[in-house]
Amino acid sequence: MSVAVTHQTQPANGYLATLLAGHLSAPSPTSHKGTMRGQCIAPPVLTALQVAAAERVSALNVPSTRDEEWRFTDISLLTKLSFQPVVAESTLQLADIARFTIAEAGARLVFVDGVYAPHLSHTEQAEGVTVANLAHPLEKSAAHTDVRIATYLGQLAEYKNNVFAALNTACMSDAALILLARDTAVRQPIHLLFIASKQGGVSYPRCLIRAEAGSKATVVEDYVSLQDEAYFTNTVSEFSLADNAHVHHVRVQREGMNAFHIANCAVTLARGSHYQSVSVAMGARISRYNLNVLQAAEGGECTVDGLALISERQLADTHTCIDHAKPHGISRQLHKCIIGGSAHAVFNGKVMVRPGAQRVDSQQTNRNLLLTNRAQVDTKPQLEIFADDVKCTHGATVSQLDGEEIFYLQSRGLTDVVARNLLTYAFGAEILERIPVASLKHQLEQTVLEQAGLKQSGLEQMK
Amino acid sequence: MSAVLQNIINQPYKHGFVTDIESDVMAKGLDENTIRMISSKKNEPAWLLDFRLKCYAAWLKMEEPTWANVHHPKIDYQAISYYAAPKKKAKLKSMDEVDPELLRTFEKLGVPLHERMALAGVAVDVIFDSVSVTTTYKARLAEAGVIFCSMSEAVHEHPELVQKYLGTVVPTGDNFYAALNSAVFTDGSFCYIPKGVKCPMDLSTYFRINTEESGQFERTLIIAEEGASVTYLEGCTAPAFSSNQLHAAVVELVALDNAEIKYSTVQNWYAGDENGIGGIYNFVTKRGLCKGVNSRISWTQVETGAAITWKYPSVVLLGDNSVGEFYSVAVTNNYQQADTGTKMIHIGKNTRSTIVSKGISAGHSNNSYRGLVKISPTAEGARNYSQCDSMLIGEHSGAHTFPYMQVRNKSAKVEHEASTSKIGEDQMFYFAQRGIDAEAAVSMIINGFCKDVFQQLPLEFAVEATNLLSYKLEGSVG
């Protein structure tokens with residue numbers, strides 16, 4: 001992200017402009033009073049981190065399309081609007097959020113407009129497993145937990161040159177915390193639910209997942225909305241996997257259609273660990289997801305799949321970077337986009353093999369389906385290889401539905417519309433099938449069916 | 001570092017050229033007067049001077065591009081002399097006087113004997129009369145109505161054509177190096193194929209024998225009228241030594257209705273020594289415009305030389321059903337850097353493009369493919385297929401791929417695939433099993449890797465390119 005660009009055109013009342021003009025005051029312990037009730041787990045560490053991040057926020061600029069990383073994603077709309085952080089605790093009841101809950105989930109942490117909602121959440125403090133919010137004092141909070149949090153929080157997600165990550169780090173008031181002790185396996189998925197309920201609100205959701213050696217868990221990171229007006233979600237997630245840990249990460253972004261969603265996710269893999277992720281982007285007016293996976297030790301493995309399903313005037317941007325820093329790493333990536341209306345999908349998938357990272361095996365595929373003539377796609381699969389004994393491939397395609405496939409289905413008695421919708425659904429289903437949580441998978445499939453118009457066409461029953 | 005560069009820029013031409021035949025070299029530096037002086041020395045018409053000045057004004061406002069994946073010390077544009085009258089080569093009396101290193105290269109490449117002499121600057125009157133051959137060629141071309149001459153000649157003889165097309169494909173302010181070239185270009189080639197004419201010979205052959213030192217700012221313009229077709233080969237497989245640090249050429253191709261242009265390049269500029277000292281910066285803008293319906297432009301390039309290559313031969317597919325092709329082999333060794341690829345801009349309906357790029361990096365070199373496939377909303381039924389494969393030899397080299405795909409029309413079909421690999425141990429074992437030594441095996445594997453591109457070259461160049469590759473990579477394996 002270049003810092004050389006100046007932005008004279010921004011109106012002074014824009015939320016980001018105000019922040020970046022230096023009005024972001026470094027957080028002091030007292031400023032947390034409103035949101036961080038009770039005793040903070042590690043206030044000095046958090047404060048130091050937040051002061052450092054706030055400094056970066058005032059040093060950096062809002063990226064524009066002149067920056068290579070943001071070339072196809074114009075966020076000037078976001079910079080013009082003004083947003084207010086929400087501090088009040090939510091009055092939502094369980095019934096209000098019932099449709100978002102996941103039946104299989106064990107622990108659930110719910111944040112409404114960035115504020116932790118204990119009455120909607122279900123924390124877990126079992127043997128070897130901690131699922132809780134950072135600000136909330138934990139019963140059995142041990143000194144070594146504080147140390148662990150300080151070791152990882154803000155250390156994985158780079159904020160020095162990333163204005164949104166810096167903003168999140170500086171402004172976060174709480175975080176979802178998952179700590180897995182050595183060799184613990186959590187069978188039930190852990191649900192992190194972030195709900196946006198206020199128009200014009202801004203929230204800074206934050207997740208920290210540390211999986212000790214040999215542990216195993218499935219984490220669902222879920223962004224939903226109860227209203228359709230503009231608001232801004234700026235989130236950062238950090239995953240740290242120790243040797244042979246295995247984390248399944250399902251990320252669902254179903255924000256309101258006028259929302260702005262900017263997310264950074266950083267994953268660090270130790271020896272032999274395995275990170276498997278499926279991210280689905282359906283909502284938001286403008287969304288951007290940066291996923292950086294660092295294979296920091298030998299034999300790391302990651303599977304990074306994604307689906308963007310957008311229509312109308314939506315823009316969904318996915319930037320992934322898989323950094324093979326050490327030998328014998330494996331990475332697999334399948335990213336798909338279904339673009340309707342006059343929507344715009346952006347994909348930038350970088351695979352990097354550092355000097356000496358021999359025997360890396362990497363595969364990346366990006367497939368884009370254009371449903372209308374006003375739909376746009378910009379894709380850039382990118383390889384940077386500095387080691388000779390590697391196997392790296394990538395492929396990308398852009399097209400519409402195949403005429404012959406439609407004809408085949410029509411010859412079987414399906415109408416043109418049903419044939420098209422069925423093929424569109426099948427295109428997206430390849431990714432959804434990889435979601436390991438059955439009820440969530442079903443929910444998302446329903447959404448795709450609705451979007452593809454298959455529900456009305458009666459095919460749903462046929463299925 | 002910049003002191004080193006200064007040295008290189010200031011070095012006198014060492015390889016068989018003498019400057020005292022015509023010591024008409026302009027003082028170093030670049031300003032408006034330099035351009036006026038170039039223009040007046042070449043006795044150019046006013047419109048061309050205006051064109052140059054306009055380009056110079058645009059260049060002054062531009063910034064040197066830094067987005068390419070190449071690193072070099074800053075170039076001092078005031079330390080270059082922008083005009084030297086055509087230098088005459090001092091003719092050597094026999095092959096004995098030629099640098100043995102050069103002879104050895106010719107031997108390895110299998111360049112025909114008479115061409116070796118011409119290339120090495122030996123007087124060839126007795127064995128091979130290049131002048132008469134030239135005349136014969138010229139007569140045959142004239143008969144067909146083909147105009148093929150130097151750019152300065154064309155400016156005087158065919159001003160209407162030059163004026164009509166110059167700068168139409170690569171506009172004035174296109175990019176930093178193109179603008180610089182447009183302001184200060186000294187010479188280059190001009191080629192015009194009239195309506196319905198199929199050029200009676202590959203212009204390659206002609207051009208190769210008459211390899212001239214046309215300077216570091218070359219300008220080439222090729223126009224194929226309706227239904228015309230031409231094959232053009234630029235460059236030469238023999239190593240071209242030059243003291244010039246910066247080469248910023250511009251090539252423009254225009255294909256009208258049903259016309260076809262095939263442009264092949266074999267580039268083997270001086271790449272610097274094994275420590276990466278010296279060598280040419282090859283910053284070239286090449287672009288073709290498929291202006292008419294059913295027109296076709298095909299670029300084939302074999303890039304083996306130059307310390308730094310920055311080159312993206314592109315095709316603008318404006319006419320309906322037009323076709324653009326790009327076939328490339330880029331080899332880098334030692335400390336060479338190449339950032340090369342293509343741009344295919346689809347505007348017309350049913351336009352098609354194919355990209356095949358093969359990159360081989362050995363030693364400490366870095367090889368990047370950078371490409372753009374753009375489908376405009378108007379490009380109904382456009383089709384693109386891209387394939388870029390990289391091969392790495394040795395653990396200190398790097399291979400990079402930066403393909404951009406921008407699609408604005410749903411009926412378009414765009415495919416891109418890329419792979420990176422090395423020569424497999426099992427492949428080597430298979431060859432060893434059949435009694436083929438490592439060097440020959442590597443050479444065969446690499447030639448197989450590049451086959452798709454070599455097939456696009458005229459036969460004799462394909463043979464030479466094959467040899468050139470083995471020569472370039474000699475000693476880098478095993």
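Coordinate-derived values only; no laboratory data. No experiment lies behind these values; they were computed from the predicted model shown. Every residue, glycine among them, receives a Cβ derived from its backbone with ideal geometry; neighbour counts consider all protein chains shown.
Across peptide A:369-375, the average count of Cβ atoms from other chains found within 10 Å of a residue's Cβ is 4.
Mean residue ellipticity at 222 nm, helices only, chain A: -6000 deg cm²/dmol; runs of at least 4 DSSP H residues each add -39,500 (n - 2.57), and the sum is divided by the number of residues. If each Cα of the stretch A:210-268 is one equal point scatterer, what is log10 of I(q)/I(0) from the Debye formula at q = 0.14, 0.24 Å⁻¹? Here log10 of I(q) over I(0) equals -0.48, -0.93. Considering all different alpha carbon pairs of chain A, the Kirkwood hydrodynamic radius works out to 22.7 Å. Note on B:415-425: average number of Cβ atoms from other chains within 10 Å of each residue's Cβ is 6.
Karplus-derived 3J(HN,Hα) values for the stretch A:278-285, using 6.51 cos²θ - 1.76 cosθ + 1.60 with θ = phi - 60°, are 10, 10, 10, 10, 10, x, 6, 5 Hz; glycine and proline are entered as x. With the charge dipole of the stretch A:15-297 set up from +1 on Lys and Arg Cβ and -1 on Asp and Glu Cβ about the Cα centre, the Cα lying farthest toward the positive end among the listed residues A:Ala185, A:Ala242, A:Leu167 is that of A:Leu167.
For the peptides B:251-261, A:92-102, A:238-248, residues were scored by their other Cβ atoms within 10 Å and the scores averaged per peptide; the highest-first order is B:251-261, A:238-248, A:92-102. Highest mean packing comes first when the peptides A:413-425, A:151-163 are listed by Cβ atoms within 10 Å, giving A:151-163, A:413-425. Taking amide H as placed 1.01 Å from N in the peptide plane, B:Ser314 has its amide H under 5 Å from the amide H of B:Lys286, B:Arg287, B:Gly288, B:Lys343, each at least 5 places away in sequence or on another chain.
Peptide A:338-347 has a mean of 1 when you count, residue by residue, the C-beta atoms of other protein chains within 10 Å of its C-beta. Per-residue 3J(HN,Hα) values for the stretch A:181-188, derived from phi via the Karplus relation 6.51 cos²θ - 1.76 cosθ + 1.60 with θ = phi - 60°, read 7, 3, 6, 9, 10, 9, 6, 7 Hz in sequence order (x marks Gly and Pro). Taken about its Cα centre, the stretch A:15-297 carries a charge dipole of roughly 160 debye when the Cβ of each Lys and Arg holds +1 and the Cβ of each Asp and Glu holds -1. For B:Ala440, the shell of other residues with beta-carbons less than 12 Å away shows a net charge of -2, using +1 for Lys and Arg and -1 for Asp and Glu.
For B:Gly292, the residues whose amide H sits under 5 Å from its own are B:Ala255, B:Leu256, B:Asp257, B:Gly319, ignoring neighbours fewer than 5 places away on the same chain, with H placed 1.01 Å from N. Taking every full run of DSSP H in chain A, the ones that stretch at least 20 Å from end to end by Cα along their long axis and average -0.5 or higher on the Kyte-Doolittle scale are A:43-59, A:416-432, A:438-452. Highest mean first, the peptides A:300-312, B:168-180 sorted by other C-beta atoms within 10 Å per residue fall in the order A:300-312, B:168-180. Size descriptors for the stretch A:306-386: radius of gyration and Dmax over Cα atoms are 14.9, 46 Å. Kirkwood-type hydrodynamic radius, the stretch A:103-220: 15.0 Å, calculated from all non-identical alpha-carbon pairs. Here the Karplus curve 6.51 cos²θ - 1.76 cosθ + 1.60, taken at θ = phi - 60°, turns the phi angles of the stretch B:406-418 into couplings of 10, 10, 10, 9, 6, 7, 6, 10, 10, 10, 9, 9, 8 Hz, with x standing for Gly and Pro. Scaled against 2.2 N^0.38 Å for its residue count N, the alpha carbon radius of gyration of the stretch B:357-438 is 1.52. Backbone amide hydrogens, once placed in the peptide plane, bring A:Leu307 within less than 5 Å of A:Ser279, A:Val280, A:Ala281, A:Lys336, excluding anything fewer than 5 places away on its chain. Of the beta bridges in the stretch A:15-297, as assigned by DSSP with both residues counted there, near 10 percent are antiparallel. Simple rule: put +1 on each Lys or Arg Cβ and -1 on each Asp or Glu Cβ in chain A, find the dipole, and look at A:Ile75, A:Ala88, A:Gly154; the Cα lying farthest toward the positive end is A:Ala88.
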